[in-house]
Amino acid sequence: MLARDLRALRKARGLTLSEIALKLGRSVGWLSQVERGLSTPSIGDLRAFADLFGVPVSLFFGHDVPEEAERGVIVRAGRRRSLGTSDSGLVEELLSPDLGGSFEMLRSEFAPGAELKTPAHRPTEEAGYLVSGRFDIEIDGNWHSLAEGDSFRFDGKPFRWKNSGEEPAVVIWVISPPVY
């Protein structure tokens with residue numbers, strides 16, 4: 001649900017409704033209504049939210065669930081929200097129904113030669129499982145080469161990655177709290 005995702009992104013970044021309202025040039029009341037699902041933001045508003053939170057605007061789409069009983073519980077393979085493009089070398093799919101829980105789960109596919117050159121550092125605990133391919137990850141200055149079936153976990157440490165193999169690397173990645 002869009003409202004829940006927007007609220008989770010705001011909280012994950014430690015921002016108040018007032019701070020967001022100021023940055024977007026909107027009222028606190030309107031933002032509160034959006035977070036409660038009482039108002040629907042325009043596509044321009046969604047682009048502004050995406051820029052503010054540093055996420056692709058595509059994250060806010062793909063919420064339609066055909067069966068109400070599955071909403072917030074089940075994510076069907078053909079209805080995952082896709083993040084990123086093949087041009088970037090990293091395509092991710094949100095496996096979690098939304099960003100409102102205590103963690104998010106992603107299917108990340110790293111193209112051969114794809115690389116995160118500058119270390120990322122976020123206040124999260126993260127874990128991953130390499131489904132296929134080969135994958136190198138640097139955690140807190142130490143490089144680790146992973147093969148199919150290997151896994152990793154780290155907490156609040158700088159990291160970067162690369163796929164120096166000739167095949168795509170597929171990683172199931174779990175992040176707590178959600179940051180996408």
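Read-outs throughout are calculated quantities, based only on the coordinates presented, and are distinct from any laboratory measurement. These figures come from a predicted structure and were not determined experimentally. Counting neighbours? That spans all protein chains shown, and the Cβs are built from the backbone with ideal geometry, glycine included.
General remarks:
- Remark: the chain carries a charge dipole of roughly 680 debye about the Cα centre, counting +1 on each Lys and Arg Cβ and -1 on each Asp and Glu Cβ.
- Near Arg81, once Lys and Arg are set to +1 and Asp and Glu to -1 for all other residues with Cβ below 10 Å from its Cβ, the sum equals -2.
- Total formal charge among the other residues, if their Cβ is under 15 angstrom from that of Phe154, Lys/Arg +1 and Asp/Glu -1: -3
- Amide H to amide H distances under 5 Å link Arg80 with no residue, where only residues 5 or more positions off or on other chains count and H is placed in the peptide plane.
- Local electrostatic count, Leu130, Cβ distance below 10 Å [Lys/Arg +1, Asp/Glu -1]: -1
- The phi-based Karplus calculation (6.51 cos²θ - 1.76 cosθ + 1.60; θ = phi - 60°) puts the 3J(HN,Hα) values of segment 127-133 at 9, x, 10, 7, 6, 7, x Hz, whole numbers, x for Gly and Pro.
- For segment 75-176, the relative contact order works out to 32 percent when only alpha carbon pairs closer than 8 Å and six or more residues apart are counted.
- What the phi angles of segment 30-41 give under the Karplus curve with 6.51, -1.76 and 1.60, with θ = phi - 60°, is a coupling list of 4, 4, 4, 5, 5, 5, 9, x, 8, 10, 10, x Hz, glycine and proline written as x.
- Over the chain: helical MRE at 222 nm, DSSP H runs n ≥ 4 each giving -39500 (n - 2.57), nearest 500: -6000 deg cm²/dmol
- Distance (nanometres) between label positions extended 7 Å along Cα→Cβ at Glu167 and Arg47: 4.1 nm
- Relative contact order (%) - criterion: Cα under 8 Å, at least six apart; region: the chain: 21 percent
- Per-pair calculated FRET efficiency, R0 = 30 Å: Arg79 and Val28 via Cβ, rounded to 0.05: 0.35
- Read-out percent of Cα pairs over 22 Å apart, derived from the coordinates shown; its label in [x] 54; [y] 49; [z] 44: [y]
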